[in-house]
């Protein structure tokens, strides 16, 4: 009877351990986005995203050359990621634009998040003002968030001067979520 109890406890433990494992399919970390890692080579895109569609100059990819832009689509057509590769002798991914709102950072920030969400999870390093948007760079992170100026108060939408965090409404939505690897 003790043997049966041990087997049941072992099976229960394995099931519990397996259920506690975090699904990383749509997780963004400093060194990975879903199955893509910082060291993934461009020529490995097809195998890395075997269940998805990789769109780019496939002749260049198969030769190990680096196309300017690679797009990843889920089977069924949903745009997941847009990747830009570097020009190293063995090209890897340099920049990732998140296109699907299911992707979230380890701190729970994704395309459905607001500026208030960013501020509650990250310390802001700097905010850069561009013609049509502002870009928020968190401290100690390779992530950056773009917010359309349409989300700002009317008196700031056409401003080219620096915009401070206190001027950005809490409910300003993220337009782009990007991750840059050097």
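Note on the range 104-116: residues that are closer than 15 Å to residue 144 by Cβ and touching a strand residue (DSSP E or B) at 6+ places or on another chain (Cβ under 9 Å) total 6.
Taking residue 177, is it in contact with a helix residue (DSSP H, G or I) (Cβ under 9 Å, 6 or more places away or on another chain) and either surrounded by 14 or more Cβ atoms within 10 Å (Cβ to Cβ) or without any contact (Cβ under 8 Å) to a residue 24 or more places away in the chain (or both)? The answer is no for residue 177. Where in the range 62-174 are there strands (runs of 3 or more DSSP E), lying fully within it, with 1 or more residues that are at pLDDT below 95 and crowded, with 19+ Cβ neighbours inside 10 Å? By residue number, 69-74, 79-85, 93-98.
Taking the criterion of being touching a helix residue (DSSP H, G or I) at 6+ places or on another chain (Cβ under 8 Å) and under 11 Å from residue 175 (Cα atoms), the residues of the range 137-147 that qualify are 145, 147. Answer with yes or no whether residue 45 is at pLDDT below 90 and surrounded by 10 or more Cβ atoms within 10 Å (Cβ to Cβ). Spelling it out, residue 45 is indeed at pLDDT below 90 and surrounded by 10 or more Cβ atoms within 10 Å (Cβ to Cβ). Within the range 24-42, the set of residues being out of contact with any helix residue (DSSP H, G or I) (no Cβ under 6 Å at 6 or more places or on another chain), assigned to a loop (DSSP other than H, G, I, E, B) and either at pLDDT 85 or above or crowded, with 16+ Cβ neighbours inside 10 Å (or both) comprises 25, 26, 29, 30, 31, 34, 38, 39.
The values are calculated or read from the model by the stated rules, or taken from the named source; none is laboratory data. Everything numeric in this text was worked out from a predicted model, so none of it was measured. A quick note on method: Cβ atoms are made from the backbone with ideal geometry, for glycine too, and the neighbour counts reach across all protein chains shown.
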